[in-house]
1. Please go through the range 31-69 and pick out each residue that is among the acidic types (Asp, Glu) and either assigned to a helix (DSSP H, G or I) or more than 19 Å from Arg6 (Cα to Cα) (or both).
2. Within the range 13-30, count every residue that is surrounded by 10 or more Cβ atoms within 10 Å (Cβ to Cβ), part of a helix (DSSP H, G or I) and either free of Cβ contacts under 8 Å to residues at least 12 places away in the same chain or among the small types (Gly, Ala, Ser) (or both).
3. Could you check the range 31-69 and list, in sequence order, the residues that are loosely packed, with under 13 Cβ neighbours inside 10 Å and of a type in the set (D, E, K, R)?
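Values quoted throughout were computed directly from the atomic coordinates according to the rules given, and no laboratory measurement underlies them. On a predicted model such as this, the values are computed, not experimentally measured, just so you know. Counting neighbours? That spans all protein chains shown, and the Cβs are built from the backbone with ideal geometry, glycine included.
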Amino acid sequence: MGLNLRNAIIHNVSGNNQDQLKDTIVDAIQGGEEKTLPGLGVLMEVFWNNADPQEQKMLLETIEEGLSK
């Protein structure tokens, strides 16, 4: 039986409020563990799929700027 990691991550954070989601993201980043990267990727996918083109553009600009520092 295969584990669907994407669905498991979404299930684990579904129903969380903004503070809980922020804590999840901050903890994953501050922890710096490779195992949290898939979870952050799933949250990024959720954002991207629900963002309008302007929000997507803002995200891309922010990432581009952050990578050039």
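1. Of all residues in the range 31-69, those among the acidic types (Asp, Glu) come to 33-34, 45, 52, 55, 61, 64-65.
Correct list: Glu34, Glu45, Asp52, Glu55, Glu61, Glu64, Glu65.
2. Summing the residues that are surrounded by 10 or more Cβ atoms within 10 Å (Cβ to Cβ), part of a helix (DSSP H, G or I) and either free of Cβ contacts under 8 Å to residues at least 12 places away in the same chain or among the small types (Gly, Ala, Ser) (or both) in the range 13-30 gives 7.
3. Glu33, Glu34, Lys35, Asp52, Glu55, Lys57, Glu61, Glu64, Glu65, Lys69
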